[in-house]
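Here the structure comes first, spelled out in structure tokens, and everything after it is commentary.
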Amino acid sequence: MILPSQRHLFDIPDDICYLNCAYMSPQMHAVRDAGLQAVSAKSRPWQITPHDFFADSETSRELFARLVGGDAGGVAIIPSVSYGMAIAAANVEVRAGQCILVLEEQFPSHVYQWMELAAERGAELVTVRRPADDDWTAALLEHIDASTALAAVPNCHWTDGSLIDLVRIGGALRDVGAALVVDATQSLGAYPLNVADIKPDFLVAATYKWLLGPYSLGFLYAGEKHRSGKPIEHNWIARSGSENFGGLVEYKSSFQPGARRYDMGERSNFALLPMALAAMRQILDWEVSNIAETIGGLSRRIETRASRLGIAATPSERRVPHLLGLRVGSGDSADIAGRLAAANVYVSVRGDRLRVAPHLYNSSNDIDRFFAVLEEIV
């Protein structure tokens, strides 16, 4: 279903053309209001009860689980992608001589951890080079064999939206006894995803992009076999019985059930969690499939208009609907993005591409304005 413009829900002035959700989403009025109310609450800490340390945390697990098609018991609350990758690295098996697969130009927070782990374990980090036809799935499948320990990949490439078929990749990895660790930050909330089909060992997403939430907050989904694993920090609230504040002096070796053992310390962030809840509720109300279909129409319009200017884009059959890269020529992207920004039109430069990422607050008018400026530059 095509959704009408949702610009009225955001604080975006009429003279701003923001096609840059992959950089950072604008904040909805409801999300901002939830944050302001939550910040104010700590002015009266006597009104914050022990129950409040758990209520929003559990609700956020339930909402995130609905977004990924999983169960709340598999969800942990984390501050960042890198934190989630550290958890994954502490709980996947990698032996000397094995390979860890990543993509060329993959986001750094989903690479550095695996560089470190490969060095520690005597494994090899193998970078899958960008395929000329943008078919990352085929390129990855060619590298998966008996030597593969894991693939650490996104749902789509962050520079241009090119798609990785995680269902096929996950199946191929399981066939050779390898693990799958996913960074879904650039797709979750705008592209349908189901962990029941993908079966990742770990899936991580930050909230400040397509989940329309705050910065410094994210979620991790752990596959069932990893829910009794090793956390990377030891805080009080992840231990069993932590609801009983009077009993915290009685130290416990056991954890809260499921992936809760991986929660960050001070996970009950009284400002950020209410903001994330407001954002996820709105996304679930829109429905991710409707978001993808609506944004996809805008992206196809961008792809068509770009081709008329002789600018190649990531083809729609090889990418997610909400994100595409325009190949304007090496060395030109940064200058073009700067000149667009001077006209209040905002996109990003990633690699040698202009990355264009519309959302529901955009309309065909924004696309027209983008190209009106771009046509004067190229």
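The values are calculated or read from the model by the stated rules, or taken from the named source; none is laboratory data. Computed from a predicted model, the values in this text were never measured in an experiment. Cβ sites come from the backbone with ideal geometry, for glycine too, and all protein chains shown count toward neighbours. Please note that ligands, DNA and RNA were not included when accessible areas were found on the heavy atoms of the full protein model with its side chains. Shrake-Rupley method; radii C 1.70, N 1.55, O 1.52, S 1.80 Å.
Remarks
- Beta bridges per DSSP with both ends in segment 182-306, % antiparallel, nearest 5: 75 percent
- Residues Arg281 and Phe245, FRET efficiency given R0 of 30 Å [Cβ-Cβ distance, rounded to 0.05]: 0.55
- Mean sequence separation of contacting Cα pairs (under 8 Å, at least six apart), scaled by the length of segment 44-182, corresponds to a relative contact order of 20 percent.
- ³J(HN,Hα) computed for each position of segment 365-376 - Karplus, 6.51 cos²θ - 1.76 cosθ + 1.60, integer Hz, glycine/proline x: 4, 5, 5, 4, 5, 4, 6, 4, 6, 4, 5, 7
- For Asp165, residues with placed amide H under 5 Å, excluding near neighbours: Thr137
- Label-point separation, Arg300 to Ile377 (7 Å along Cα→Cβ), nm: 2.6 nm
- C-alpha center-to-center spacing [segment 166-182, segment 9-25] in angstrom: 36 Å
- Entry comment: accessible area of the chain is 42 Å² per residue, from protein heavy atoms only and a probe of 1.4 Å.
- Taking amide H as placed 1.01 Å from N in the peptide plane, the amide H of Phe255 sits under 5 Å from that of Ser240, each at least 5 places away or on another chain.
- Only the Cβ atoms of Lys and Arg (+1) and of Asp and Glu (-1) were treated as charged; on that basis the dipole of segment 1-134 about its Cα centre amounts to roughly 260 debye.
- Cα-centre dipole for the chain with unit charges at Cβ (Lys and Arg positive, Asp and Glu negative), debye to 20: 420 debye
- Sites Thr127 and Glu233 - FRET efficiency at Förster radius 25 Å, r taken between beta-carbons, to 0.05: 0.25
- Residues in segment 42-73 reached by a label modelled at Met1 [backbone nitrogen below 19 Å; 7 Å Cα→Cβ]: 67
- Taking the Cα centre of segment 61-151 as reference, the dipole from Cβ charges on Lys and Arg (+1) and Asp and Glu (-1) amounts to some 320 debye.
- Cα gyration tensor, segment 183-274 - rounded (a/c under 1.5), prolate or oblate: oblate
- Available extension along the chain between Ala312 and Leu9 is 105.8 nm, counting 0.36 nm per residue and deducting the alpha carbon span.
- Mean separation of Cα pairs under 8 Å and 6 or more residues apart, divided by the residue count, gives the chain a relative contact order of 25 percent.
- Within the accessible area of segment 208-360 (1.4 Å probe), percent carbon and sulfur: 47 percent
- For segment 69-80, the Karplus equation 6.51 cos²θ - 1.76 cosθ + 1.60, evaluated at θ = phi - 60°, returns couplings of x, x, 10, 4, x, x, 9, 10, 9, 10, x, 6 Hz by residue, with Gly and Pro reported as x.
- Mean residue ellipticity at 222 nm, helices only, the chain: -10500 deg cm²/dmol; runs of at least 4 DSSP H residues each add -39,500 (n - 2.57), and the sum is divided by the number of residues.
- Phi-based couplings in Hz for segment 170-182 (Karplus 6.51, -1.76, 1.60; Gly and Pro marked x): x, x, 5, 5, 5, 4, 10, x, 9, 9, 10, 10, 10
- Candidate lysines for bridging to Lys225, where Cα separation is under 22 Å - those fewer than 8 sequence places away on the same chain excluded: Lys199
- Distances between placed amide hydrogens fall under 5 Å for Phe10 paired with His29, all partners being 5 or more residues away or on another chain.
- Put simply, when 217-224, 69-76 are sorted by average Cβ atoms within 10 angstrom per residue, most first, you get 217-224, 69-76.
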